[in-house]
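Written below as structure tokens is the structure these notes are about.
The values are calculated or read from the model by the stated rules, or taken from the named source; none is laboratory data. As the structure is a prediction and not an experimental result, all values here were calculated from the model. When we count neighbours, we look across all protein chains shown, and the Cβ atoms used for this are built from the backbone with ideal geometry, even at glycine. Protein only, heavy atoms only, side chains kept; ligands, DNA and RNA dropped before computing areas. Shrake-Rupley method; radii C 1.70, N 1.55, O 1.52, S 1.80 Å.
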Number of protein chains: 2
Amino acid sequence: MEQYLEIDPWKIVEEGFDPNRQRSSESIFSIGNGHMGQRANFEEHYSGSTLQGSYIGGIYYPDKTKVGWWKNGYPEYFAKVLNSVNWIGIEIEVNGHRLDLAECEVSDFTRTLDMKQGLLKRSFVAEMPTGDKIEVQACRFVSMERPEVGAIEYKVKALNFDGTVTFTPYVNGEVTNEDANYDEIFWDEVEQGLVPGGGLVTTKTKKLDFYVCAGMKCSLQKNDSALDIESDSECSSMKISQSYEVSVSEGDELCFHKYAIVASSLNHERKRLHSHVKEQLSDVLSVGYQTLLQEQVDRWDTIWDGSDVQIEGDDEAQQGIRFNIFQLYQTYTGEDERLNIGPKGFTGEKYGGCTYWDTEAYCLPFYLNTARDEVARNLLLYRYRHLPKAIENAEKLGFTDGAALYPMVTMNGEECHNEWEITFEEIHRNGAIAYAIYNYIQHTGDTDYLHEAGLEVLIAISRFWSQRFNFSEKRQQYVMLGVTGPNEYENNINNNWYTSYIGCWTMRYTMQCIENVRGESPDRFKEICDKVEFEDAETERWKDILDRVYLPEDENLGIILQQDNYLDKVQRSTSDLDKSERPLNQNWSWDRILRSCFIKQGDVVQGLYFFEDHFDEETIRRNFDFYEPRTVHESSLSPCIHAILASKLGYNDKAYQLYLRTARLDIDDYNQEVHQGLHITSMAGTWMSIVEGFAGKRAKEGTLHFAPTLPDQWDAYSFKILHKGSLLKVRVDTDEIEVQCERGDAVECYLYGEKYKASPDQPLTVPAKAVSA
Amino acid sequence: MEQYLEIDPWKIVEEGFDPNRQRSSESIFSIGNGHMGQRANFEEHYSGSTLQGSYIGGIYYPDKTKVGWWKNGYPEYFAKVLNSVNWIGIEIEVNGHRLDLAECEVSDFTRTLDMKQGLLKRSFVAEMPTGDKIEVQACRFVSMERPEVGAIEYKVKALNFDGTVTFTPYVNGEVTNEDANYDEIFWDEVEQGLVPGGGLVTTKTKKLDFYVCAGMKCSLQKNDSALDIESDSECSSMKISQSYEVSVSEGDELCFHKYAIVASSLNHERKRLHSHVKEQLSDVLSVGYQTLLQEQVDRWDTIWDGSDVQIEGDDEAQQGIRFNIFQLYQTYTGEDERLNIGPKGFTGEKYGGCTYWDTEAYCLPFYLNTARDEVARNLLLYRYRHLPKAIENAEKLGFTDGAALYPMVTMNGEECHNEWEITFEEIHRNGAIAYAIYNYIQHTGDTDYLHEAGLEVLIAISRFWSQRFNFSEKRQQYVMLGVTGPNEYENNINNNWYTSYIGCWTMRYTMQCIENVRGESPDRFKEICDKVEFEDAETERWKDILDRVYLPEDENLGIILQQDNYLDKVQRSTSDLDKSERPLNQNWSWDRILRSCFIKQGDVVQGLYFFEDHFDEETIRRNFDFYEPRTVHESSLSPCIHAILASKLGYNDKAYQLYLRTARLDIDDYNQEVHQGLHITSMAGTWMSIVEGFAGKRAKEGTLHFAPTLPDQWDAYSFKILHKGSLLKVRVDTDEIEVQCERGDAVECYLYGEKYKASPDQPLTVPAKAVSA
């Protein structure tokens, strides 16, 4: 790992063009608006190595590996994140020679991701093989204000020649996925057509019939004066293009604007798509680039106002956290309840499907604290709407009576992953989905959610756990066999403590919620019971399991056991590993990984994080001290959880190291895989590392608690919390904690266990507590 | 399961044509000669459902599923059994209308597999849509005498019309596999050409460059007189054909002979292939059909003379065992040491690759007893030649110092299977390969094999076991984590008794063999040590493992434990299962199967079979009584092992039931999957059920032991044993056992533990011992 990109608090900056890093930079500089997004592919032709990617939320492809080892119960397909229509393309010719950064001399190359304003910029000088030199300045964005709109400004200056420059913007629906089987094309032609100054292409997916219509309109200026020139148009099966040839003299600057509309049958009737896009194109052209740009800047101002984290005295850390927040809001804005947060967002093809337990375990806390409650509620409702499919999914595996197993990976509620050890066995996801309901209520106090939807989900999940435990005659205890815990470097293990524990917790919490809803609203309770055919007698088995469950531990070591047989493994520490062996998943055979004691991501530790109030600090410490040195953190979801507990335990240096690892995971490409896309969901973990870790934020029964520490490397840090409609700014420096209520009503909160109130008119200031490691 | 085919001691007979059973019959009536073979596809065009399959031993395709979940350490490819050139095709036209059994009225249809003579026959009357009726009699074989030769006699009689009949024989290299990804074609055109009365097609595989040249020559008779008529030839990229139009009057009979040569670059220089086939075609034409046929009958006579099993009083059982012996010898003759025994032989595409542990555990005993010793020795040498690849394979997984892990599935010594739980974990195969050496020496007394090759294999396998066990500090014992035993309904389990036990046995046996070779031939021993860098100090760890190994058992039940946690499962019996749930692998999710106590195939019981002398009969009984009722026998390799132990334990009815299940598995299509091909390797198990089961045959230190019982359902049975060059016939009836030495020197053997001698001039007769269940 080396630091390739420039350090800047508000920008990601790449100086100089390195074709070997193009795929990585395409990921890092990705832009999106929650509705659609794309990798930082070049507008102009590029013959070097590139992963072309333009993605639309909710549009996917149900693919299937045709030959392989199928297991009974596997889903019919797995969902592919689908590369869709390329609307950014603008071919450039200089005196008839095509611009291609792989084929010309490039100098003064700068690529910038302006996170404050939500813009992708690029500037460079290109010397063509003919010796003609041009200077290019490009700026692109997908509009946060208008989800279907993208805009590009592409300026070309003739540095040393007279002649012609040709712009050939296009919209091309004939695109492919790299992860396609045998170069299969996933799109069919529907229609295409030209309009003055632009054109439209409609395509549909070969399966599921998602229709996408993309259109463009363009305008051109020379030395700040509008040019109205004839264009040559071409129209083929899935592509339309127009060519504008302009005469230039040395020193002339051409400014080309391309506006795009990308709309789909998710939001429009198919037959209206074409006309809708046509109308929007005219609208957007008349609005103009400068106005669209200003809207973009304003929207991002608003987002940053509610979510920014400031780190004083450490630009590297500052850049890291802002990059993470920026990418999260580019991926998910919470406005469309049908969407969710894919692990790679709009930045790559990897990981078919969009929704993992990442959403509940990592992303939910971020949105719970930085967005209005409806956003988090939408994330919960997403799962509620999928409940019937989760029940079907469990039935396929042999469960009965309304038990639900949520899918490991999904687009529409159906499971779309097929590795048996994950699909069938990594069932702890069900626990995270239950925990999210609890977490939401702890933050918002919105117990109505239980009445509306939450209780149904909890009952269905508890039914699953109740059936998934079995009574061992031999042991005279309930056991849970054949599971995969959060640590995916163990498969098909018995009595994974985390899974068994969260299973028990779910049943206990569900029984408590049943009593609450029954008490608060007997009629609604009866309605729910009738709907899901719930009878109190069901809970007898739940209670019996809670009474007689086997949860593995080791008395000698005083630790919880990750699973049966864990101590039969050869016990080693990550410090014994040679650098050349890391990451293990790229250097060791799967077999060796499975048999080693090394842990991919927190497993026992994940449970201690979720349920820290159930354990005294010394228990947490013993387990952390035992497991963290065995943890290779090869899941991007791992370091943040450890950082939070390290902060709690006063391991400040450890917490800081782990924080850095998440914060700059992608920018610095720790795992040498950023070329595949960004780790979007784990970005929420970076935020958690600061807010829950360093600042020790917790929410208990609707009230906020803080116990801040300050990393030695920082002068101060501050962050925003949106809590029950009030916006708090919390600032921590070496001397004091300041909590300011920037908007809304006064907020009661606890600092180091003491109760205070932060009022709009009076910032709350408390001396910082020094915590030594 | 119903009995569809006719019962006949020497034939498989299908009366009446049922298109729904065509794929199944294509499997069951398959023919082969060890070198090549094919499904019983029709010669004439058939538009109904069919799996076209013509296979050549040793020719495969290294395929890869392009999209999927890859694990580190997986091989680059998996080997596909490759459908190759169709040389059987003969299109028939009657007055210009193409014969197609899917499109005309078929009556008097009989398909016969003549196992005595090695012939596939078919006869039927077809009424064309025009009303024209023909009678067809076809006979086909692949020559056991001439491995590259196939011959067809196809007779057509005009029953009710005058007009024309056209024969269009062809050779077509443009064939596909059903299990291809996206209909990929695996063959490329090389050349094709016509010769008088025939033609040739050469194709090559797109990968690995296997060249195959197939040629045909034909001749035609009308009412027993040779016809010399002009043919129209066609020649396209991978196909040649010739059309013979013949005028017929009602009652005329045409007899068409097609001779084919199929040769490959495995046995010939590529540039010589074409001319070789051309020469052979002329030869074979001059030899003529009747001579080829007689050779075939003679060769099968010889095979049956050495391997036949006769069952008196039970034609169903008789047919079953002969079918199994017939298919085994069609698949593997032991003449080409590069070949092995694919689980589906030449009868279907399923199971990429050809060599599994089935060869050592099941097929070896069959060939050891029915063929000359060189055949079994060739099977051992096959693995010896693959030793360097097995060491490479282990290195990929992180093993060192010359440890070898033989592949689960292979064509050329490389692993070509990719399910982690099998590829990496079903390592007991290594044990079976070691056991085969032991077994071979027990039968043949050929300890020279150790010097030549065996010891190197044993040392390499022992090194693997030594590294694969690890010392558990917690337990203070050696454990073996993360394996899959023979019971593949458990994956990634800890301390699978069978695997640990055979691992220990291998190390113990290797140490013994080391001492033997050292003692018998110190120079050769030193050579081996130098070659494999063996030092005596290595065995210190082996001994320590043997001293301190953990082998799971349950003291209360007095049984060996299949693996850790087995008794934590809900304990059920197969008798609790509803018929609709069987087979589990078609009706239960994989998840449910993994968590259940049900056993796919013997696991502890497999170990008790291999090592029966290590355990007293009561221990074997307790374990059999515990495990057999939990065993669903959903591997075709399972019933035979249980049948053998059931016989030993005096469970005669059980033994007979289990025997029947293997013997007629494919004929009666127990598992509803015969359409995919036959279970070739498990056919050896049928033979074992009789010879090792009912007759209680064992080989100990080069000497044969028998302890026969007679199933109630039989009057008598007899079988042949080829032992150290002598051919014994053993006959068992209700009263006595007769052992006759039909050829070679007198043989000492034990009957019920008493020593006897069977001389050529004097049959040995001993009273049968009644064993009650």
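Numerical summary
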| item | result |
| --- | --- |
| Reference-scaled alpha-carbon Rg (2.2 N^0.38 Å with N residues) for region A:276-399 | 1.35 |
| Surface share of carbon and sulfur [accessible, 1.4 angstrom probe, percent] for chain A | 42 percent |
| Reachable lysines from residue A:396, criterion Cα separation under 17 angstrom, eight or more residues apart if same chain | A:71 |
| List of region A:172-192 residues, accessible area with partners at least 30 Å² below that of the chain alone (1.4 Å probe) | A:181, A:182 |
| Kirkwood-Stokes translational diffusion coefficient of region B:65-200, alpha-carbon pairs, 4 °C, 1.567 mPa s, µm²/s | 70 µm²/s |
| Accessible area of residue A:167 in the full protein assembly, 1.4 Å probe (Å², nearest 10) | 0 Å² |
| Cα-based helix-to-principal-axis angle, B:455-468 vs chain B, degrees rounded to 10 | 60 degrees |
| Per-selection metrics, region B:14-127 (Cα): Rg and Dmax in Å | 18.0, 61 |
| Mean projected area in nm² (Cα convex hull; one quarter of hull surface) for region B:450-591 | 11.8 nm² |
| Centre separation in Å (Cα based) which lies between region B:465-515 and region A:582-661 | 31 Å |
| Pairs of lysines in region A:537-693 (C-alpha under 28 Å apart; 8 or more residues apart or interchain) | 7 |
| For residue B:531, label point 7 Å along C-beta direction: distances to other copies, nm | 7.5 |
| Set of lysines with alpha-carbon distance to residue A:222 below 16 Å, sequence-local pairs under 8 removed | A:155, A:157, A:258 |
| Shielding by other protein chains, B:555-568, mean Cβ within 10 Å | 3 |
| In degrees, nearest ten, helix A:387-396 long axis to first principal axis of chain A (Cα) | 70 degrees |
| Heavy-atom surface of the protein assembly as shown, accessible at 1.4 Å and reported per residue (Å²) | 34 Å² |
| Rounded to 10°, Cα long-axis angle of helix B:617-627 versus longest principal axis of chain B | 60 degrees |
| Alpha carbon convex hull of region B:676-729, volume per residue in cubic angstrom | 108 Å³ |
| The protein assembly as shown - Rg and Dmax from Cα coordinates, angstrom | 37.5, 119 |
| At 7 Å out from Cα toward Cβ: residue B:586 inter-copy label distances (nm, ascending) | 4.6 |
| Sum of -39500 (n - 2.57) over DSSP H runs of 4+, divided by residues of chain A (222 nm, nearest 500) | -9000 deg cm²/dmol |
| Exam field: residue B:145 pseudo-label spacings to other copies (7 Å along Cα-Cβ), nanometres | 9.2 |
| Across A:11/A:80; A:121/A:239; B:11/B:121, pairs whose alpha-carbon gap is larger than 20 Å | A:11/A:80; A:121/A:239 |
| Partner chain coverage, peptide A:424-432 - average Cβ within 10 angstrom | 1 |
| Highest-first arrangement of B:616-624, B:578-586, B:748-756, A:587-595, where packing means the average Cβ count within 10 Å | A:587-595, B:616-624, B:748-756, B:578-586 |
| Probe 1.4 Å, all protein chains present, accessible-area order of A:35, A:428, largest first | A:35, A:428 |
| B/A buried area, accessible surface, summed, 1.4 Å probe, Å² | 4800 Å² |
| All aspartates and glutamates inside 16 Å of residue B:204 as judged from Cα atoms, apart from same-chain residues fewer than 8 positions distant | B:63, B:174, B:184, B:188, B:189, B:191, B:269 |
| Chain-alone versus full-assembly comparison, region B:476-518, residues with accessible loss of at least 20 Å² (1.4 Å probe) | B:481, B:491, B:492, B:494 |
| Kirkwood hydrodynamic radius over Cα pairs of region B:195-263, then Stokes diffusion coefficient at 37 °C and 0.692 mPa s, in µm²/s | 237 µm²/s |
| Under 5 Å, built H, 5+ apart or other chain: amide partners of residue A:743 | A:727 |
| For chain B, convex hull of alpha carbons as volume per residue, Å³ | 169 Å³ |
